[in-house]
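Presented below is the structure to which this report refers.
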Amino acid sequence: MLYKFKSKSTADLIMLEPNGRRVLEIIGKTPGPQGIILSSQIAAAVGALESAVAAEDALAAQARAESPEEDEETVRPQGVSLRQRVAPLIDMLRRSEREGHDVTWGV
């Protein structure tokens, strides 16, 4: 399954199901086939995403600090970080909030 986030303010944003489900859980939404983030809920959603990114960054920094003898290549996280994954969604949410539009998925 894919999550396709839509807003009148931006182009559509597509996420694979595991990533979309994680993002929706972070912002407190039920990861179902359809849903909406009202423009009045966007500030809280952005805050939740930014807090989750900060927590993941802190864990990565702690892992690097606990392994100072290993080089940068060894400690570098594998795959796409949460920061990278949610950056386009945060941009979509901010632009939608600024223009007063809701963000939907599966509609």
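Residues of segment 43-70 that are among the small types (Gly, Ala, Ser) and touching a residue at least 24 places away in the same chain (Cβ under 8 Å): ALA43, ALA45, ALA52. Consider GLY100 carefully, then state whether it is among the small types (Gly, Ala, Ser), out of contact with any Phe, Trp or Tyr (no Cβ under 6 Å at 6 or more places or on another chain) and modelled with pLDDT under 90. Here the answer is no, as GLY100 does not meet what is asked.
Looking at LEU13, is it at pLDDT 95 or above, more than 14 Å from the chain's Cα centre (by Cα) and under 21 Å from TYR3 (Cα atoms)? No, not satisfied.
Residues in segment 16-42 that are in a strand (DSSP E or B) and touching a residue at least 24 places away in the same chain (Cβ under 8 Å): GLY35, ILE36, ILE37.
The values are calculated or read from the model by the stated rules, or taken from the named source; none is laboratory data. Please read these numbers as outputs of a predicted model, since none were measured by experiment. Backbone-built Cβ (ideal geometry, glycine too); neighbour counts: all protein chains shown.
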